[in-house]
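See below for the structure under consideration.
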2 protein chains.
Amino acid sequence: MAKTRKSAQSGAGEEMDGIVIEKVSPEVDGGKFPAKCIVGEMVTVEADIFKDGHDVLGACIKFKKKSDEGWDESPMTFFDNDRWRGTFVPQANTRYLYTLEAWMDRLLTWCRDTEKKCLGKVDIKSDILEGIGFVKAMAKSASEGDKPKIDLLIKNLKLAQDQPEKVLALIRDQNFLKLMAKYPLKEHLTAYDKTLEMVVDRSCAEFGAWYELFPRSQGKIPNKSATFKDCIARIPDIKKMGFDIIYLTPIHPIGLTNRKGPNNTLNADRNAPGSPWAIGSELGGHKAIHPELGTMKDFEDYVRAARENGMEIALDIAFQCSPDHPYAKEHPEWFYHLPDGTIRYAENPPKKYEDIYPLDFNCADRQALWDEMKSIIVFWIEKGVKIFRVDNPHTKPLSFWKWLIDGVQKDHPETIFFAEAFTRPKVMKYLAKSGFTQSYTYFTWRNAKAELRQYFEELTQTDMKDYYRGNLFANTPDILHEFLQTGGRPAFQIRLVLAATLSSSYGIYSGFELCENKAKAPASEEYLDSEKYQYKVWDWNRADHIKEFIAKVNQIRASNPALQLYKNLEFHHSSNEAILCYGKRTRDNGNMVVVTVNLDPFRVQEDQICLPLWKFGIEDWQTYQVHDLLNNKKYSWKGPSNYVRLDPQVTPAHIFLIKK
Amino acid sequence: MAKTRKSAQSGAGEEMDGIVIEKVSPEVDGGKFPAKCIVGEMVTVEADIFKDGHDVLGACIKFKKKSDEGWDESPMTFFDNDRWRGTFVPQANTRYLYTLEAWMDRLLTWCRDTEKKCLGKVDIKSDILEGIGFVKAMAKSASEGDKPKIDLLIKNLKLAQDQPEKVLALIRDQNFLKLMAKYPLKEHLTAYDKTLEMVVDRSCAEFGAWYELFPRSQGKIPNKSATFKDCIARIPDIKKMGFDIIYLTPIHPIGLTNRKGPNNTLNADRNAPGSPWAIGSELGGHKAIHPELGTMKDFEDYVRAARENGMEIALDIAFQCSPDHPYAKEHPEWFYHLPDGTIRYAENPPKKYEDIYPLDFNCADRQALWDEMKSIIVFWIEKGVKIFRVDNPHTKPLSFWKWLIDGVQKDHPETIFFAEAFTRPKVMKYLAKSGFTQSYTYFTWRNAKAELRQYFEELTQTDMKDYYRGNLFANTPDILHEFLQTGGRPAFQIRLVLAATLSSSYGIYSGFELCENKAKAPASEEYLDSEKYQYKVWDWNRADHIKEFIAKVNQIRASNPALQLYKNLEFHHSSNEAILCYGKRTRDNGNMVVVTVNLDPFRVQEDQICLPLWKFGIEDWQTYQVHDLLNNKKYSWKGPSNYVRLDPQVTPAHIFLIKK
């Protein structure tokens, strides 16, 4: 085999004539960051591959587990405009490396030219002599078993040198083509000048329905904390709704100093439970459990009970401390200090958060601090937790996250980190590139058709799809959007369907199923009497809940593989500004789903939607079946344009299964 | 000054907390290739610059001549969405380097936060103490002259610590702001991790009107070669038309072996002059002049005469040989060989070009070959030629061109290389990235409105503008487009105006001014009786020439700076599919040109065009003057939408100068 050169070299010398390999996809920021995929996903790799002149080229993907020695190869094929494409399927939940190789195929080039000459009735005597030389070169790498075939070929070429028809037949012979594919005569063999990394996550990184809850609100006794035992009792209810992940707000001891009272008031009275994000007291810090919730064993029982019910527990990780956190005494050097030597509260001038000390991740002793933060994650991994929702990652150094996630996933590749950053778009993207498995999005604030379409095309159709997985929360303890406050039960159904079908990962914060919509103040997105600051008892079966609707939507997700994929979103045409139409398909069109949602919670809306049937493998004249999985009605449609009518008081959406 | 870190580092250690600097523009393929600009051009550099948290950042461009030691700095300012922008003006025709630096401005961050606290009536005693610490740190780098001012500032801050209004006044004081700008307190000082290169060309690389001619056709005696003396006699005619560059087809001795006859026939008779691209005979090769044209002194006289008339001579460089070229005898190892040991002709199966031997740029002795090719360029530079139009660069190794152009421009930065590649788009782009100063385009084959707009938006509005300068030839010796064959005089006027105003560089091949439009065959783009294969005598003043029209267009280009810029093209709305409307403006709107062209050479077309007056600094209610520079008529327009009517039999275009 020829010596491999590096792509696109310049300067005189031995390395001058490589093949150009560029515009590789996926390649995040020139290879500075890894791309992401899922175990068993068919990863498509594309590149521009070309060379001066008109030679026939060949190319392949080379890939391997980062920890492996040898490379696997997967062929690439030309498809258009110097663009080549291939696929590979990573089979393990670990980091992979991939790169490309291209070459000029000497024998194929000769075949193509000789074929043209034969057809053009040009004298080929000299070409046959050349070709025999190439075939002889090919023979050098051939197996003993193939050598006689090659000798015969050489003999036949010699005999045919005056008979273009015979040469044509030889060149086009399947056996010859097979030999050439087996022993390609590679010249100008060129390696892409970068080795790229791919994070191969487990399936839960792409597909999952999340249910967020405050453990202390899962009980039945007013003004008293619920326990993990109460949480275990709620598992069947959550399972029945079809959720995959139960995500808990912080479970650690809560500080007393400057504790917040109900509705975020200062000077809380003695009985106020405080915010779970004011982490740490004399009872312990980030590795401790609030005694009101139970013991470590109770927690481990909860994790186990969830697992036995096919669900996982996710923890909220907030790297900040209450003034009473043990770190404040043991490691004052990890905090910011005022000129008078005291530790600085969190602030966003002129606002102050007196119950929180931020950590100084750039302090002189930062390596110890970083190591300690990492040990918190590892601690909970050892307790059975594999999913961490990270609070406000954008207020810590960006490089810290890369260091932390790389470090944890090296030993625990199954770990999922979910970035709760609602900040400027480029910072959110950078966090995802730095390693976060999933990310929050602006979904809650995208309610109009144009903004939904634009945002989700950015998320799933641009290079963001290679590193950023948007997990759509329909509400959070901090975000009760005006749409939900004012739109009633239809608004909740609309946002649920959107979240559950626009992305393969979505979540709700408990109370959503009850259509809870009372805000703290008219222009506020804060809940009234938020669980963040007080004990609450919920009637999980109160009138007007939409639990059956949620269960139905989650069951549709579970039984339609197309909805379990993230990057396959496609929007379809609808004229009515209140009707959003989109869909998802599996790569082989084996499962095709089309969703139409009435974005208007108040009025009936109707429209002619238009489907790209050619993509679905359906001819315009063919009748096809659309099965509304929400209400189990079936319709026969024909042609791309069809009528839909959505009454928000009945069901504000169709989720159609399309069958040829 | 703080230690400079590299941008976006990861991993624990000293380098962890840099500022992110990314998405820098211009930056060609991640910095693999240099961007291009012109001496004296105000180069805009942009980047995404951000950091975790909410600190106030600062940033600058650093730039220098490649050969210089120290860096110059130019400030950058934030403008939107974490995007920063700055400019610098390279003053010399040489290669420059540029990079970026960003930092957290400690004192500005403190000022912003303290200002908010003052306004929010929050206690600031501790903040003042902190601020005094920062001001003291700033004092360390202050000049002796400024130190008393800083001491006074510290004193005043101490006095004001209980009086937020006084603190506010101090923070907002111009003298304080000036001191902070002079001695910024830079933390997290971060250097962009790449140093980028910029080719700074002379103005002719961006702006010029080219006139291509066959020297042997410039005389008056039939069936006889003209000479450089005849060429000199034609200078006034070409100058009168307003051209800047006279570009000559190859001027070297022409081979005899397999010489082509008129209309590309084989077996030419003894008197056929042959194709000038079949370079080399026993009379010499690429460094010799065809004796029929004159002596080297005659050529140098021609170069001088052109220069004295404000024009430059450009040469056609075709790195290929006739079988009679001295290289074939002296360096047979530079060519491809057939199995029988003879040298291989050029071919594109099944076509053969028996009068040409291609060079094997990858031959074993390639360093000698490459050096010889470079010596050809240097030879002609020494004869006074600074512009080279390179024939078929895409059939030679891509890396060869980078090596050649880098090498030549190192000693002769004024040299301009113009790539004559009509091949796949990515190969054409790669040649431009590899160093070609200008490139041919698909312009001749873009005649409809939509395709013109799409193509020119790609050329001038995408990142292509950073490295690819399209020089628009309205015709070439190989391309007489059907539009010109069939559209008559209006077609020639249309294509001239388009070429001359869509790009700042354009050209015609002689005969265009005579509306010469006879093709060799109906579906062919070849000229009938092409000058490529025979002597020709032209009547340069024959009826129906459009020389005055060309002169007028070139004069408009010469007197309107907006038309001398390449990247400032903008399309304007017109509804009629036959009317293309676009314009160019200088950065300060000091010169604003709007062009409307009737793309239909047969019919009168009319339309309401729509101008973005807000970009022009004109209010919708204001009257403004449009001066048609082609026919010297002036109109008063008001509002964005105005009527145009273009009769191809009169003038198929308006070139409007817009005046407020």
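The values are calculated or read from the model by the stated rules, or taken from the named source; none is laboratory data. Since we're looking at a predicted model, the values are computed, not measured. Heads up, the Cβs are rebuilt from the backbone with ideal geometry, glycines too, and the neighbour counts pull from every protein chain shown. Surface accessibility is based on the protein's heavy atoms, side chains included, excluding ligands, DNA and RNA. Shrake-Rupley method; radii C 1.70, N 1.55, O 1.52, S 1.80 Å.
Worth a mention:
- Net charge dipole size for the protein assembly as shown [Lys, Arg +1 and Asp, Glu -1 on Cβ; Debye, nearest 20]: 1080
- Only helical runs count toward this figure. For the protein assembly as shown, summing -39,500 (n - 2.57) over DSSP H runs of n ≥ 4 and dividing by all residues gives -8500 deg cm²/dmol at 222 nm.
- Nearest-0.05 FRET efficiency for B:GLU308 and B:GLU330, computed from C-beta distance (R0 35 Å): 0.40
- Along the axis of the charge dipole computed for the range A:418-553 (Cβ charges of +1 for Lys and Arg, -1 for Asp and Glu, origin at the Cα centre), the listed residues A:PRO477, A:MET464, A:CYS515 are led at the positive end by A:MET464.
- Charges were assigned to the Cβ only: +1 to each Lys and Arg, -1 to each Asp and Glu. The resulting dipole of chain B about its Cα centre is roughly 1280 debye.
- Kirkwood hydrodynamic radius of the range A:91-243, from the reciprocal of the average inverse Cα-Cα distance over all distinct pairs: 21.4 Å.
- Percent antiparallel among DSSP beta bridges (both partners in the protein assembly as shown, rounded to 5): 70
- Measuring nothing but how far apart in sequence close Cα pairs (under 8 Å, 6+ apart) lie, relative to its length, the range B:2-200 scores a relative contact order of 30 percent.
- With each label modelled as a point 7 angstrom along the Cα→C-beta vector, the B:ASN175-B:GLU300 pair spans 6.8 nm.
- Taking each of A:LYS36/A:LYS178; B:LYS32/B:LYS62; A:LYS239/A:LYS386; A:LYS51/B:LYS352; A:LYS396/B:LYS32; A:LYS260/B:LYS121 in turn, the alpha-carbon distance tops 24 angstrom for A:LYS36/A:LYS178; A:LYS396/B:LYS32.
- Cα-Cα separations in the range A:429-562 greater than 23 Å, expressed as whole percent: 38
- Tail weight of P(r) past 49 Å, computed on alpha-carbon pairs of the protein assembly as shown, percent: 47
- Loop trypsin sites (Lys or Arg not before Pro), the range B:53-144, which have at most 16 other Cβ atoms in a 10 Å radius of their Cβ (DSSP): B:LYS66, B:LYS121, B:LYS140
- Over the protein assembly as shown, accessible surface divided per residue gives 40 Å², non-protein components excluded, 1.4 Å probe.
- Cα-centre dipole for the range A:510-629 with unit charges at Cβ (Lys and Arg positive, Asp and Glu negative), debye to 20: 440
- Label geometry 7 Å along the beta-carbon vector: B:ASP620 inter-copy distances in nm: 4.0
- Straight Cα distances below 20 angstrom link A:LYS140 to the aspartates and glutamates A:ASP105, A:GLU130, A:ASP151, A:GLU187, with same-chain residues fewer than 8 positions distant left out.
- Virtual spin-label span in nm between A:LYS287 and A:ASP68, 7 Å along Cα→Cβ: 3.7
- Take the Kirkwood radius over Cα pairs of the range B:499-583, plug it into Stokes-Einstein at 20 °C and 1.002 mPa s, and you get 136 µm²/s for translational diffusion.
- Whole-Å distance, taken between Cα centres, linking the range A:371-400 and the range B:123-152: 39
- Length released on extending from B:LYS23 to B:PHE379, taking residue separation times 0.36 nm less the Cα-Cα span: 124.0 nm
- Spin-label pair B:LYS660-A:ASP529: with each label point 7 Å from Cα along the Cα-Cβ axis, the two points sit 6.2 nm from one another.
- With the label put 7 angstrom out from Cα along the Cα-to-Cβ vector, B:GLU457 ends up 1.2 nm from the copy partners, going from closest to farthest.
- Chain A residue nearest the rotation axis toward B, with distance: A:GLY30, 2 (Cβ to axis, whole Å).
- The range A:569-659: relative contact order as a whole-number percent, Cα under 8 Å and 6+ apart: 32
- The slack in the chain from B:ALA450 to B:LYS32, taken as 0.36 nm per residue of separation less the alpha-carbon distance, amounts to 147.2 nm.
- Here the calculated FRET efficiency for B:LYS182 and A:THR195, from their Cβ-Cβ distance with R0 = 45 Å, stands at 0.45, rounded to the nearest 0.05.
- With every protein chain in place, chain B: carbon and sulfur % of accessible area (1.4 Å): 51
- The distance from the alpha carbon centre of the range B:504-541 to that of the range A:598-660 is 60 Å, rounded to a whole number.
- Once you reduce the range A:298-335 and the range B:31-63 to the center of their Cα atoms, the two points are 42 Å from each other.
- Each chain gives up part of its surface: B and A jointly bury about 5100 Å² of accessible area, both sides summed, for a 1.4 Å probe.
- Over the range B:393-456 - Rg/Rh using Cα atoms and the Kirkwood inverse-distance radius: 1.06
- Three principal axis lengths of chain B [C-alpha, angstrom, descending]: 104, 65, 44
- Proportion of all alpha-carbon pairs of the range B:216-281 beyond 14 Å (%): 65
- Each other copy holds its own label point for A:GLN649; taking that point as 7 Å from Cα along Cα to Cβ, the gaps run 6.9 nm, nearest first.
- Kyte-Doolittle mean at least -0.5 and Cα axial length at least 15 Å: DSSP H helices in chain A: A:125-139, A:147-159, A:228-241, A:366-382, A:398-411, A:482-502, A:547-559
- From the Kirkwood radius over Cα pairs of the range A:2-200, Stokes-Einstein at 4 °C and 1.567 mPa s returns a whole-number translational diffusion coefficient of 70 µm²/s.
- Placing a label point 7 Å from the Cα of B:ASN156 along the Cα-to-Cβ direction, no residue of the range B:110-132 has its backbone N under 12 Å from that point.
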